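The values are calculated or read from the model by the stated rules, or taken from the named source; none is laboratory data. Bear in mind that the values here come from a model prediction, so they are computed numbers and not experimental data. Every residue, glycine as well, gets a Cβ built from its backbone with ideal geometry; the counts of neighbours run over all protein chains shown.
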Amino acid sequence: MDTAIEFKDVTYCYPLTKTPAVKNLSFKIEKGKFYGVIGANGSGKTTLCALMRGFAPDFYKGELSGQVLVNGKSTIDYENGELALRIGYVFQNPFNQISGVKDSVFEEIAYGLENLGVEPLEIEERVVTIMEKTDILHLAEKNPFELSGGQQQRVALAAILVLGPDIFVIDEPTSQLDPEGTESIFEIIKAMKKEQKTIILVEHKVDLLAESADEILVMANGELIKKGSTQEVLSDIFLMEQGIQLPQMAILSNKLKQLGIGLPVTPITEAQATEVLQKIIKKKEGIQ
Amino acid sequence: MWIEKFQIKKTNRVAALYPTTKLWIVFFYSVCSLLLSTVNIMGIPLLIIPWFLVLPILATLSGVISQFLKAMKKAAIIAIFIFLVQTFIIPGGDLLFHFGILYIYSDGLHTGVSLSVSILNIAGAFVWLFQTTEMKELSRALEDKGMNYKASYILLSTMQMIDLMGRNSKIIMNAQRARGVETQGNLFVRAKAFFPSMVPLILSAIISSDDRALALSSKGFEIKCKKTHILNVEYSGNETLAMVICIIITSIVAIGRVLLWILP
């Protein structure tokens, strides 16, 4: 698979500090894959995202050593704003992503296209398509500031999706949302995955990541301590010692193991757990 | 057509004037006000008082008279306050009135009338402008006339931010009230609640500004290209006539003022 983003021995310090926020990062993000990023608070997840998008060091300043390459080109070498076309970035707080100059959701989503100089007729077509995909067409005429957190986050995602980048960096989009809002955001992310977009999603809700991510990156104290397939990483019970939350099913499996009921594989999703337990029960019934 | 839904349509011919034309009207009106405030009749700039009537006429022609009068009530309170303070405080010239400790001198009356009516005139002109023009129309028109898109963004977002901060302050006030801070009552109680309400409001605005800047960057704000707009601001066709009327009136006022100055 082609590489979308590559970190080459990256260490980064924010201004006025000598302690690196992230250090010795070397890994590749492949095109068309969905990556989940997990780690405790302060482990460097947001800095990792800022480095991918080029906000660090361009906006935050600070000291960067090593290279972050997006489509083979260093983020430092991209012209002003050019990365917006390559990488879509969605923030934690949906409220702060609203431009503040548009009165309606439709205009808010169209704003990015206006900035790119897209013709109005094409803007209309693209905005309507994205609003349908993200199920917010009914909100088109509403003021973005008057929406609920979940709706605002959907608008924020749509406003970035409409620009058509191939890579998405999404930093804890559901941290301020209720379960319903979280579910709706994950539906959109799953749809993006189907369209072969490259997705890097920072998320604490590992149960949801377990269901849809292809790979997981685990951050701790500014370092990448593990990277691998979702099954491999989220079933690694030793990560709990690093303060990493694992899926409920993996924790349950570990507890069963401690009680002497070992499962053939550690399930990380409800579906997997159901399947494993069904097999065990059927096997036992067969024996009896 | 979705874009059609977001266009601003006006049926009134005055209100439908192009935003920058209305801005010119405000400018010419203000120039006339300043010129007339220098013409004294019996030592007082009396001409600016009838001149103020132009604004209600303009508001009536624009179909916004009731909103205009409502907004001007607030401006009138400030103008009356300034008039009283200036009139009773500034000494100089002839003593016109005396009651107890209150003295009105001609210089004080002159300054009071000049300042308060000028404030009413200029504030009224802007009230008329913003009651007939949405901020996004004005900013779009200014951008069309060559204003930088970044300046246009700042103008528009600042106006929206006032509204937003007002909304946020209510949320913070409610939160502080829930924590036991008294926010309602006499002036002293309200003053005490001022800091616990203002500090989170200002701090949250500062903290969110980084995110907003980055969010703008994510929406291609920095990309150097010709920006497009889904909002179209169109000329009504009466702009030239409006400008001609403004120039004629301003010229008459200016020439009259110069003649009064030159002639003995």
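Residues in the range A:71-96 that are in contact with a Lys or Arg (Cβ under 8 Å, 6 or more places away or on another chain), among the polar types (S, T, N, Q) and facing chain B (nearest Cβ under 7 Å) were compared, and the one that is nearest to B:Leu155 (Cα to Cα) is A:Asn96.
In the range A:172-198, the residue that is modelled with the highest pLDDT out of those that are closer than 22 Å to A:Lys45 by Cβ and among the hydroxyl-bearing types (Ser, Thr, Tyr) is A:Thr198.
Would you point out which residue out of B:Ser236, B:Ser251 is in contact (Cβ under 8 Å) with a residue 60 or more places away in the chain, surrounded by 11 or more Cβ atoms within 10 Å (Cβ to Cβ) and away from chain A (no Cβ under 14 Å)? Working first, answer last.
Values: B:Ser251 fails: in contact (Cβ under 8 Å) with a residue 60 or more places away in the chain.
Checking each option against the conditions leaves just B:Ser236.
So, of the residues in the range B:174-212 that are hydrophobic (A, V, I, L, M, F, W, C) and in contact with a Pro (Cβ under 9 Å, 6 or more places away or on another chain), which turns out to be farthest from the other protein chains (Cβ to nearest Cβ)? Taking the candidates together, the pick is B:Val181. Those helices (runs of 4 or more DSSP H) of the range B:1-107 in which 3 or more residues are in the same structural domain as B:Val127 (by TED's automatic domain parsing) and in contact with a Leu (Cβ under 8 Å, 6 or more places away or on another chain) occupy B:19-36, B:65-89. Suppose the filter is at pLDDT 90 or above, under 27 Å from A:Glu6 (Cβ atoms) and among the charged types (D, E, K, R); does A:Glu270 pass it? Answer is no for this residue. Remark: B:Ser114 matches the filter, which requires a residue to be buried (at least 19 other Cβ atoms within 10 Å of the Cβ) and in a helix (DSSP H, G or I).
Condition first: under 20 Å from the mean Cα position of the chain (by Cα) and either facing chain B (nearest Cβ under 7 Å) or free of Cβ contacts under 8 Å to residues at least 12 places away in the same chain (or both). Can you find one or more residues in the range A:97-113 that meet it? Even if it seems obvious, please write down each step before you answer.
Initial filter on the range A:97-113 (under 20 Å from the mean Cα position of the chain (by Cα)): A:97-98.
Within this subset, residues satisfying the condition of being either facing chain B (nearest Cβ under 7 Å) or free of Cβ contacts under 8 Å to residues at least 12 places away in the same chain (or both) are A:97.
Among the residues of the range A:97-113, at least one is under 20 Å from the mean Cα position of the chain (by Cα) and either facing chain B (nearest Cβ under 7 Å) or free of Cβ contacts under 8 Å to residues at least 12 places away in the same chain (or both), which makes the answer yes.
Residues considered: A:Gln278, A:Gln231, A:Gln245. Of these, the only one that is surrounded by fewer than 22 Cβ atoms within 10 Å (Cβ to Cβ), in contact with a His (Cβ under 9 Å, 6 or more places away or on another chain) and not aliphatic (A, V, I, L, M) is A:Gln245.
Do we have any residue at all in the range A:53-68 that's closer than 17 Å to A:Thr198 by Cα, within 14 Å of chain B (Cβ to nearest Cβ) and not in a loop (DSSP other than H, G, I, E, B)? Even if it seems obvious, please write down each step before you answer.
Just the residues of the range A:53-68 that are closer than 17 Å to A:Thr198 by Cα, to begin with: A:53-54, A:68.
Retained after the next criterion (residues that are within 14 Å of chain B (Cβ to nearest Cβ)): A:53-54.
Within this subset, residues satisfying the condition of being not in a loop (DSSP other than H, G, I, E, B) are A:53.
Yes, that holds for at least one residue.
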